[in-house]
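Undergrad: Shown below is the structure under consideration.
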Amino acid sequence: MNIISSSVIPDVNNSFDLGSGAKAWKDLHVSGTAYIQSLTNVNTTLTGNLTVSGSTFLGDTTADKVNIT
């Protein structure tokens, strides 16, 4: 196992992927803020508080189901 003890920063913005459709990473462990531009085909359960700001779209009226309790 290799251990990285510094930031991993690409030399060009928005040009490289981490993993692929055929070789995906299993889990993502994040401490702090995760900046994610978009999520596609996500089926998840969130526990705790979810804070959303800005324009937010949760599914559509014909095909998706969104439960808010």
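Undergrad: Given 30, 42, which one is open to solvent by less than 100 Å² (accessible area, probe 1.4 Å), closer than 26 Å to residue 66 by Cβ, modelled with pLDDT under 85 and within 13 Å of the chain's Cα centre (by Cα)?
TA: 42
Undergrad: Residue by residue through the stretch 45-54, note down the ones that are hydrophobic (A, V, I, L, M, F, W, C) and open to solvent by 100 Å² or more (accessible area, probe 1.4 Å).
TA: Hits for the stretch 45-54 are 46, 50.
The values are calculated or read from the model by the stated rules, or taken from the named source; none is laboratory data. What you see is a predicted model; the values in this text were computed from it and never measured. Here Cβ is always computed from backbone atoms with ideal geometry, including for glycine, and neighbour counts include all displayed protein chains. For accessibility, only protein heavy atoms count, side chains too; no ligands or nucleic acids. Shrake-Rupley method; radii C 1.70, N 1.55, O 1.52, S 1.80 Å.
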